[in-house]
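Q: Let me begin by handing over the structure; questions about it come next.
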């Protein structure tokens, strides 16, 4: 499948919709999983989740390869943030970041990999 075919597929937005929902889950995590009292974890969830949501929404409306790679980096940040920012001891905050981050990173890497395995056609 070429980039043109990928872009025209009706299901192309499924990965982006999943990433959007995952970003929303991370954004809502402090309320859903009870770590509002962990200021660093809550702010990281809000900021990282919001970035994931914006990138996924942008990808839904107009696919660009850079969005997938930035989302991969943001997903990896979510995975390591509990240890870098020091909230790995708070189980619900740590696991919500790790699970969402891994899922976003894997999905974004898969789309990026697929794009490189099937580069866009230069002619019509």
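The values are calculated or read from the model by the stated rules, or taken from the named source; none is laboratory data. Here the structure is a predicted model, which is why all the values come from computation and not from measurement. Counting neighbours? That spans all protein chains shown, and the Cβs are built from the backbone with ideal geometry, glycine included.
Q: I'd like the residue in region 58-70 that is surrounded by fewer than 16 Cβ atoms within 10 Å (Cβ to Cβ) and under 14 Å from residue 17 (Cα atoms) and, out of all such residues, is modelled with the lowest pLDDT.
A: 62
Q: Considering only residues of region 71-84 that are in contact (Cβ under 8 Å) with a residue 24 or more places away in the chain and within 10 Å of residue 108 (Cβ to Cβ), which is surrounded by the fewest Cβ atoms within 10 Å (Cβ to Cβ)?
A: 76
Q: Here is a further query. Would you point out which residue out of 34, 29, 23 is at pLDDT below 95 and closer than 17 Å to residue 98 by Cβ?
A: Of 34, 29, 23, the one residue that is at pLDDT below 95 and closer than 17 Å to residue 98 by Cβ is 34.
Q: May I ask you to list the residues in region 38-54 that are assigned to a loop (DSSP other than H, G, I, E, B) and out of contact with any helix residue (DSSP H, G or I) (no Cβ under 9 Å at 6 or more places or on another chain)?
A: Correct list: empty.
Q: Which of the residues that make up region 55-69 are more than 10 Å from residue 112 (Cα to Cα), assigned to a helix (DSSP H, G or I) and free of Cβ contacts under 8 Å to residues at least 24 places away in the same chain?
A: 58, 61
Q: Right, here's the next one. For residue 102, state whether it is surrounded by fewer than 18 Cβ atoms within 10 Å (Cβ to Cβ), touching a helix residue (DSSP H, G or I) at 6+ places or on another chain (Cβ under 8 Å) and assigned to a helix (DSSP H, G or I). Walk me through how you get there before you give the answer.
A: Working: surrounded by fewer than 18 Cβ atoms within 10 Å (Cβ to Cβ): yes; touching a helix residue (DSSP H, G or I) at 6+ places or on another chain (Cβ under 8 Å): yes; assigned to a helix (DSSP H, G or I): yes.
Yes, satisfied.
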